[in-house]
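For reference, the structure discussed in these notes is given below.
A short reminder: the numbers here are calculations on the coordinates, not readings from a lab. Keep in mind the model is a prediction, meaning the values are calculated, not measured. Don't worry about glycine lacking a Cβ; one is built from the backbone with ideal geometry, like all the others, and counts go over all protein chains shown.
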Amino acid sequence: MSDKNKSVAEHIDDRNSWYVGEQKEQLADSGTREIVERRWEIIEHVIIKKNRSLKDRTKIRVLDAGCGDGNNLFGLKKIAKKLNLELSLFAIDYNPLRIKRVVGNKLSENICCASLLQLPFQEQLFDVIICNHVLEHIPEFMEALGELHRVLKKDGLLLLGVPNEGCFLGRLRNNYIQRSILRHTDHVNFFNSNTLVARAVESGFKVDKLFRFGFFTPYTYLHMMLMKIGFLRRLLFYIGEVFPSQCGDLQLMLLREK
Ligand SMILES: C[S@@+](CC[C@H](N)C(=O)[O-])C[C@H]1O[C@@H](n2cnc3c(N)ncnc32)[C@H](O)[C@@H]1O
């Protein structure tokens, strides 16, 4: 059976590293930790913006959609403590192994194993939704965007993050320099800033702000090596600022207007 036709349970049984790999290792490595922390800074910006716009001091209800092992829930807890805010954290992922880890680490009280294609929530429940590096895995991603739109409150904010794999250097890597990537990746969508913005607008969102960071080095092993060394990592981030269309990571802050 082709890997693409296997269920999540079958991938877990096969010990496929995309499905069973420990994502908390991203926090142990200095290179990947800096990427996660830059993302947390953007999440903090979104929470501050939402908090300013709320008239009453109720808890901000946040959904981490496709939460994985919970790295961003961990970040959200730190942000809540730093800002002295009460966040009500919800999380879903369709991989039961990842959900078990989130439960084990007590990262959220409202956790459930569910697909983004059928979110188990009523309409307009959340003030903020974080959906980071999930959309590129979902063939029916427009349906997923429709579900995120449905459960987000009017005036709510969605932070939609994807790798900038559809940029020139991303296509150069996947189609010429490192073609093995396309044989092994579990990504099915390859967005760049234009395609991501266009699909978000088609789904009924208004673009509030596009954040970009990192640099898309067109060879994975070289990228990982450079990211391990502090000054080279900062150089890569700087090159990404000079050539923003070739950044590594896109984070789109979206507003549900109606
Ligand atoms: C690369 S991980 C990102 C995890 C987390 N958002 C983060 O930033 O650390 C992608 C996650 O999306 C989840 N995922 C993929 N397709 C999904 C779907 N249709 N419904 C729910 N979760 C999904 C996977 O199980 C995986 O945990």
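Scanning region 229-258 for residues that are in a helix (DSSP H, G or I), among the basic types (Lys, Arg) and exposed (fewer than 13 other Cβ atoms within 10 Å of the Cβ) returns a single hit, 234.
Here residue 55 passes the criteria (1) surrounded by 12 or more Cβ atoms within 10 Å (Cβ to Cβ); (2) away from the ligand (no atom under 15 Å from the Cβ) except the one numbered (1). Taken over region 142-187, the criterion of being within 20 Å of residue 213 (Cα to Cα) and of a type in the set (Asp, Glu) is satisfied by 165 alone.
Based on this model, can you work out whether residue 163 counts as in contact with a helix residue (DSSP H, G or I) (Cβ under 7 Å, 6 or more places away or on another chain), over 23 Å from residue 91 (Cα atoms) and not small (Gly, Ala, Ser)? No, not satisfied. Being out of contact with any Asp or Glu (no Cβ under 6 Å at 6 or more places or on another chain) and basic (Lys, Arg) holds for only one residue in 24, 6, and it is 6.
Taken across region 61-81, residues that are in contact with a Pro (Cβ under 8 Å, 6 or more places away or on another chain), without any contact (Cβ under 8 Å) to a residue 40 or more places away in the chain and either away from the ligand (no atom under 13 Å from the Cβ) or on the phi < 0 side of the Ramachandran plot (or both) do not occur at all.
There is no residue in region 165-172 that is on the phi > 0 side of the Ramachandran plot and touching a Pro at 6+ places or on another chain (Cβ under 8 Å).
For region 24-36, a tally of residues being assigned to a loop (DSSP other than H, G, I, E, B) and surrounded by 17 or more Cβ atoms within 10 Å (Cβ to Cβ) returns 0. Of all the numbered requirements in (1) in contact (Cβ under 8 Å) with a residue 60 or more places away in the chain; (2) more than 21 Å from residue 72 (Cα to Cα), residue 166 misses one, and that requirement is (1). Only one of the numbered conditions (1) without any contact (Cβ under 8 Å) to a residue 60 or more places away in the chain; (2) over 30 Å from residue 86 (Cα atoms); (3) surrounded by fewer than 21 Cβ atoms within 10 Å (Cβ to Cβ); (4) not aliphatic (A, V, I, L, M) is violated by residue 191, and that is (3). For the list (1) surrounded by fewer than 19 Cβ atoms within 10 Å (Cβ to Cβ); (2) among the β-branched types (Val, Ile, Thr); (3) touching a helix residue (DSSP H, G or I) at 6+ places or on another chain (Cβ under 7 Å), I need the number of the one condition that residue 201 fails. Here residue 201 meets the rest and fails (3).
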